[in-house]
Amino acid sequence: MTVWKLDVDSTCCIGSGVCAGTAPELFVLEDDQARPVRAETAPDETALDAADSCPVAAITVRDETVRGVAAACLAARSL
């Protein structure tokens, strides 16, 4: 069974809420920061949509079967 891991980089997240609006079953805002509702999920296009919509690319979606990264923090890209 394929499992995706969800993560929000708290050093990048600005709490815009776009992820929670795009995928409320996967992300919530808590204390002005987004976080996954659960760390793992079945493959779900809305997880990728939320990651793509994040204005600072703070959301990482990993397919644990191939160790692929769908999105990563912009800060990491600029290093």
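Residues in the stretch 33-52 that are more than 14 Å from GLY15 (Cβ to Cβ), touching a residue at least 24 places away in the same chain (Cβ under 8 Å) and not hydrophobic (A, V, I, L, M, F, W, C): PRO36, ARG38, GLU40, THR41, PRO43, ASP44, THR46, ASP49.
What are the residues in the stretch 1-21 that are open to solvent by 50 Å² or more (accessible area, probe 1.4 Å) and without any contact (Cβ under 8 Å) to a residue 60 or more places away in the chain, if any? The answer is MET1, LYS5, ASP7, SER10, ILE14, SER16, VAL18, GLY21. Restricting the search to helices (runs of 4 or more DSSP H) fully inside the chain and requiring at least 3 residues that are at pLDDT 95 or above gives 18-22, 45-53.
The values are calculated or read from the model by the stated rules, or taken from the named source; none is laboratory data. Please read all numbers here as calculations on a predicted model, not as lab measurements. When we count neighbours, we look across all protein chains shown, and the Cβ atoms used for this are built from the backbone with ideal geometry, even at glycine. Note: accessible area is taken over every heavy atom of the protein model, side chains too, but ligands, DNA and RNA are not part of it. Shrake-Rupley method; radii C 1.70, N 1.55, O 1.52, S 1.80 Å.
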